[in-house]
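> Handing you a structure now.
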Amino acid sequence: MLRTIFLYSLLCGALATSNFIAAKEFKDPAPPLVSAPKGNADSEAEKHERLTFLKDPKMLSIDAVTSDWPRFLGPTDNAKTPETHLIDSIPEGGLSKVWEMEKGSGYTSPVIVDGRLILFDRLGDDETVDCLDPETGKLYWQYRYPVAYTDRYGFNDGPRASAIIDSGKVYTLGVTSRLTCLDLTTGSVLWQRDLMKEFDRANFFFGHGSCPLIYNGKLIVPLGTNGKEKGLSVVAFDQHSGALLWGAEHEWNASYASPIVATLQGEPRLIVYQGGESDPAFGGLLCIDLETGQVHDAFSWRPDKYESVNSSTPVAIGDDRILITTSYQKGATLLHLNKELKWEQLWDAPDFGIHWMTPLLLDGHLYGFRGRNEPDAWLASYDVETGKENWREDLEWTIPLKSGRDYRMKYLRGSLLHVDGKAFALGELGSLGILKLTPDGVTETSRTQLFLARATWSLPALHRGLLYVSQHEPDMEGVPPRLICYDLRK
């Protein structure tokens, strides 16, 4: 068991009481060995047996704004990207496929930086990192290591946390808490840690699944305690050496929501929404000092149900406010961090309980697919200032099947991606629509069925006008899980 070594205080002159920082320092139980990059940095991407290339994408407009996609919620951690010059409607006959690749199990999205796409999933008994050319699907390199994990609830056994890319390095957090740093160019291992063995940890309902965060050289990981006493709820490692920098002490276990950094009371603060496996169920929102790991305040917000989790990433809203939402009859709440660095609750909305997607914030209004299960899911909008519902809409249509009958369809627990002045909605059965979202209602301007498969739960990635969608389960025709690249260029 990791033991507390000593207390320390940061004394920087005469500090106001509300700004005084005191935090525990924890000994690193197993600092990793760091290796230099190995391999050929000039190697070319090659075709591989899992790839099917279909056609070249359209030329990218010289006026198009583009952006990298370094983390699963995009460049600003809020399911938005500044890209432009995308199609306004889906062509008759559907989107044009550029390439597709058979993928393994898992619920991750690809990430893309510097002309390299990283997909983290599980092939057979190995967690696998593939580095691909994003426009051709060709393989630069692959790294894999054995993993032993079986989901106790019958979901698939692959990783839940998408990779992240920063400073020429790839970081992955596996379903059994294997934390790995790879060289983006060559795929060689720079360092690796087994957090389950190194730290005193509770179990997870569905494995370790919160996507880490990198900020100012720190690799921040919601870790989780042993479920019995205060411990390392959140940790920060040096992103280059893997060494432990600080630990945020709290009794809450890691959730499936991902941390963000938000400017609150004039300073960047670490915001972590915790709440994984614990009995009794507990969890909520932590505000943490980024330099020391000191927990400024904790606000409890978790369903009173053992088999529940917090999965929706917090949304930063201007004027020192954070929105959090969770399913299982709990709902959403808007919090304000005051000058004493304490949370104040502004309102709550019991019906805006979102299972895992991150709500979109557009011009002072929130939009999201709420609902715990498929039958009770619908799209809703809420006013940020009042917490009142603007509207709710359960869009419905039918699609023909090869059997000759029609199949009733909805977006169900979908995802929303905002780009180029429009919202792309990905339904959990493989539907993709273009929506116009306003406080007065929703207009569906276009829609297509990409495939018909369950568990389409990951936000798509967008890079240089190309959309990358992860199909996590076999489709109705028996086609295995795939990563598919679609052309959205005008």
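The values are calculated or read from the model by the stated rules, or taken from the named source; none is laboratory data. The structure presented is a predicted model; accordingly, all values stated were derived computationally and were not measured. In this analysis, Cβ positions are derived from the backbone assuming ideal geometry, glycine residues included, and neighbour counts consider all displayed protein chains.
> Please work out if Tyr407 is at pLDDT below 95, touching a Leu at 6+ places or on another chain (Cβ under 9 Å) and either closer than 23 Å to Ser109 by Cα or among the aromatic types (Phe, Trp, Tyr) (or both). Before the answer, list the steps.
On the way: at pLDDT below 95: yes; touching a Leu at 6+ places or on another chain (Cβ under 9 Å): yes; either closer than 23 Å to Ser109 by Cα or among the aromatic types (Phe, Trp, Tyr) (or both): yes.
The answer is yes for Tyr407.
> Among the strands (runs of 3 or more DSSP E) contained in segment 6-119, which hold 3 or more residues that are touching a Leu at 6+ places or on another chain (Cβ under 9 Å) and at pLDDT below 95?
Numbers: elements: 22-26, 51-53, 96-102, 111-113.
Where strands (runs of 3 or more DSSP E) fall fully within segment 6-119 and carry at least 3 residues being touching a Leu at 6+ places or on another chain (Cβ under 9 Å) and at pLDDT below 95, they are 22-26.
> I'd like the full set of residues that are in contact with a strand residue (DSSP E or B) (Cβ under 9 Å, 6 or more places away or on another chain) and either without any contact (Cβ under 8 Å) to a residue 40 or more places away in the chain or surrounded by fewer than 20 Cβ atoms within 10 Å (Cβ to Cβ) (or both), limited to segment 396-419. I'd like the intermediate steps shown before the answer.
Step one: of segment 396-419, the residues in contact with a strand residue (DSSP E or B) (Cβ under 9 Å, 6 or more places away or on another chain) are 396-401, 406-419.
Correct list: Glu396, Trp397, Thr398, Ile399, Pro400, Leu401, Asp406, Tyr407, Arg408, Met409, Lys410, His418.
> To continue, here is another question. Residue pairs, Cβ under 6 Å, 6 or more apart or interchain, first in segment 95-118 and at positive phi, second buried (at least 21 other Cβ atoms within 10 Å of the Cβ) and of a type outside the set (Lys, Arg). List them.
Gly106/Asp121; Gly106/Gly158; Gly106/Pro159
> So, Ser241, is that one buried (at least 24 other Cβ atoms within 10 Å of the Cβ) and among the small types (Gly, Ala, Ser) or not? Quick ask: steps written out before the conclusion?
Values: buried (at least 24 other Cβ atoms within 10 Å of the Cβ): no; among the small types (Gly, Ala, Ser): yes.
For Ser241, the condition - buried (at least 24 other Cβ atoms within 10 Å of the Cβ) and among the small types (Gly, Ala, Ser) - is not met.
> Within segment 421-456, take every residue that is touching an Asp or Glu at 6+ places or on another chain (Cβ under 6 Å) and over 19 Å from Arg392 (Cβ atoms) and give me the one that is surrounded by the most Cβ atoms within 10 Å (Cβ to Cβ).
The selected residue is Thr456.
> Of the residues Thr358, Thr326, which is of a type outside the set (Phe, Trp, Tyr), buried (at least 23 other Cβ atoms within 10 Å of the Cβ), within 20 Å of the chain's Cα centre (by Cα) and over 24 Å from Leu432 (Cβ atoms)?
Values: Thr358 fails: over 24 Å from Leu432 (Cβ atoms).
The unique qualifying residue is Thr326.
> Mind listing whichever residues of segment 458-481 are surrounded by fewer than 20 Cβ atoms within 10 Å (Cβ to Cβ) and either closer than 12 Å to Ser109 by Cα or small (Gly, Ala, Ser) (or both)?
The one that is surrounded by fewer than 20 Cβ atoms within 10 Å (Cβ to Cβ) and either closer than 12 Å to Ser109 by Cα or small (Gly, Ala, Ser) (or both): Gly478.
> Starting from residues that are surrounded by fewer than 24 Cβ atoms within 10 Å (Cβ to Cβ) and aliphatic (A, V, I, L, M), keep the ones in segment 302-321 and report whichever is farthest from Lys388 (Cα to Cα).
Selected residue: Ala316.
> Which pairs turn up if I take residues in segment 421-436 that are within 16 Å of Asp487 (Cα to Cα) and look for partners that are crowded, with 23+ Cβ neighbours inside 10 Å and among the β-branched types (Val, Ile, Thr) with beta carbon separation below 8 Å, at least 6 apart in sequence or on another chain?
Within 8 Å, the pairs are Leu426/Thr456; Leu426/Val469; Leu432/Val469.
> Have a look at Val295, Val272, Val261 and point out the one that is of a type in the set (Val, Ile, Thr) and in contact with a Phe, Trp or Tyr (Cβ under 8 Å, 6 or more places away or on another chain). Step through it out loud before you land on a result.
Working: Val295 fails: in contact with a Phe, Trp or Tyr (Cβ under 8 Å, 6 or more places away or on another chain); Val272 fails: in contact with a Phe, Trp or Tyr (Cβ under 8 Å, 6 or more places away or on another chain).
Every option except Val261 fails the conditions.
> I've got another one for you. Quick check: is even one residue across segment 124-132 of a type outside the set (Gly, Ala, Ser), in contact (Cβ under 8 Å) with a residue 60 or more places away in the chain, in a strand (DSSP E or B) and touching a strand residue (DSSP E or B) at 6+ places or on another chain (Cβ under 8 Å)?
Initial filter on segment 124-132 (of a type outside the set (Gly, Ala, Ser)): 125-132.
If we keep only those that are in contact (Cβ under 8 Å) with a residue 60 or more places away in the chain too, we end up with 132.
Imposing the further condition that a residue be in a strand (DSSP E or B) reduces the set to 132.
Then drop every residue that is not touching a strand residue (DSSP E or B) at 6+ places or on another chain (Cβ under 8 Å), which leaves 132.
Yes, segment 124-132 has at least one match.
> Condition (residue is surrounded by 17 or more Cβ atoms within 10 Å (Cβ to Cβ) and more than 26 Å from the chain's Cα centre (by Cα)) applied to segment 55-63: is it met by at least one residue?
Residues of segment 55-63 surrounded by 17 or more Cβ atoms within 10 Å (Cβ to Cβ): 57.
Going one step further and asking which of them are more than 26 Å from the chain's Cα centre (by Cα), we end up with 57.
Yes: one or more hits.
> If you don't mind, there's one more thing I want to ask. Need pairs with beta-carbon distance below 6 Å; first residue touching a residue at least 60 places away in the same chain (Cβ under 8 Å) and more than 15 Å from Leu362 (Cβ to Cβ) and within segment 73-87, second among the basic types (Lys, Arg) and not in a strand (DSSP E or B); sequence gap 6+ or separate chains.
Pairs that qualify, where the first residue is touching a residue at least 60 places away in the same chain (Cβ under 8 Å) and more than 15 Å from Leu362 (Cβ to Cβ) and the partner is among the basic types (Lys, Arg) and not in a strand (DSSP E or B), are His85/Lys490; Ile87/Lys490.
> Looking only at residues in segment 275-301 that are within 22 Å of the chain's Cα centre (by Cα) and within 21 Å of Pro350 (Cβ to Cβ), which one is surrounded by the fewest Cβ atoms within 10 Å (Cβ to Cβ)?
Ser300
> For segment 201-221, enumerate the residues that are in a strand (DSSP E or B) and of a type in the set (Ser, Thr, Tyr).
Looking only at segment 201-221, we keep the residues that are in a strand (DSSP E or B), and these are 213-215, 218-221.
The one that is in a strand (DSSP E or B) and of a type in the set (Ser, Thr, Tyr): Tyr215.
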